[in-house]
Amino acid sequence: QVHLVESGGGLVQAGGSLRLSCAASGRTFSYYGWFRQVPGKEREFVAAIAWSNGWLYYGDSVKGRFTISRDDAKNTVYLQMDNLKPEDTAVYSCAAALGVIVVRLEHSYDYWGQGTQVTVSS
């Protein structure tokens, strides 16, 4: 059975940092992604990583501030978030895909974690 479990969310002041983790169990996937959502808005693509070659993808609003990485041994993906801004406040969800996908499209992903709240105060 596949599980994606996120951790690391919380409350931080603007300019601070947080690191989110997404631990996958049950199998490995071809792509892992992070998305975020604010109530009343569509889910936004944040970052993705291709497991086979390590290619990285970022949304425009986080480029240069967030870094996605992986730990092969732990089958875990991380999202390091630096220089956080109040507009980064959202529920962050980890997702995983089995095949070749369009990384920015949420419907490309097959499995989702439960989400973790990130709140950035001004």
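The values are calculated or read from the model by the stated rules, or taken from the named source; none is laboratory data. None of the values given here were measured: they were computed from a predicted structure. Cβ: placed from backbone, ideal geometry, glycine included. Neighbour counts: every protein chain shown. Please note that ligands, DNA and RNA were not included when accessible areas were found on the heavy atoms of the full protein model with its side chains. Shrake-Rupley method; radii C 1.70, N 1.55, O 1.52, S 1.80 Å.
With a 1.4 Å probe and all protein chains kept in place, how do 79, 56 rank by accessible area, largest first?
On the way: 79 0, 56 85 Å².
Ranking 79, 56 by accessible area, largest first, yields 56, 79.
Above 19 angstrom, tally the Cα pairs of the chain and express them as a % of all pairs, no decimals.
Details: 2961 of 7381 pairs.
That fraction is 40 percent.
Assuming R0 = 25 Å, what is the FRET efficiency of residue 114 and residue 53, from their Cβ-Cβ distance, to the nearest 0.05?
Values: r = 28 Å, r/R0 = 1.14.
Result of the calculation: an efficiency of 0.30.
Translational D (Stokes-Einstein, µm²/s) of the stretch 1-51 at 4 °C and 1.567 mPa s when Rh comes from the Kirkwood sum over C-alpha pairs? Could the numbers behind the result be given before it?
On the way: Rh = 13.0 Å.
In µm²/s, the coefficient is 99.
Give the aspartates and glutamates reachable from residue 63 as a straight Cα distance under 12 Å; neighbours fewer than 8 places away on the same chain don't count.
Partners found: 82.
In Å, the Kirkwood hydrodynamic radius of the stretch 65-104 over pairs of distinct alpha carbons? All intermediate terms of the calculation are to be shown ahead of the outcome.
Values: mean 1/r = 0.0807 Å⁻¹.
Kirkwood radius, the stretch 65-104: 12.4 Å.
Pick from 24, 50, 73: which residue has the top mean-square fluctuation in a GNM of the chain where Cα pairs under 10 Å get a spring?
Its mean-square fluctuation being the largest, the pick is 73.
With a 1.4 Å probe and every protein chain left in place, work out the accessible area per residue of the chain in Å², rounded to a whole number. Write down the numbers at each step before the final one.
Values: 6290 Å² over 122 residues.
In whole numbers, the chain has 52 Å² accessible per residue.
Within straight cross-link reach of residue 41, meaning Cα distance under 18 Å, which aspartates and glutamates are found once same-chain residues fewer than 8 apart are removed?
Hits, sequence-local ones excluded: 60, 87, 88, 106.
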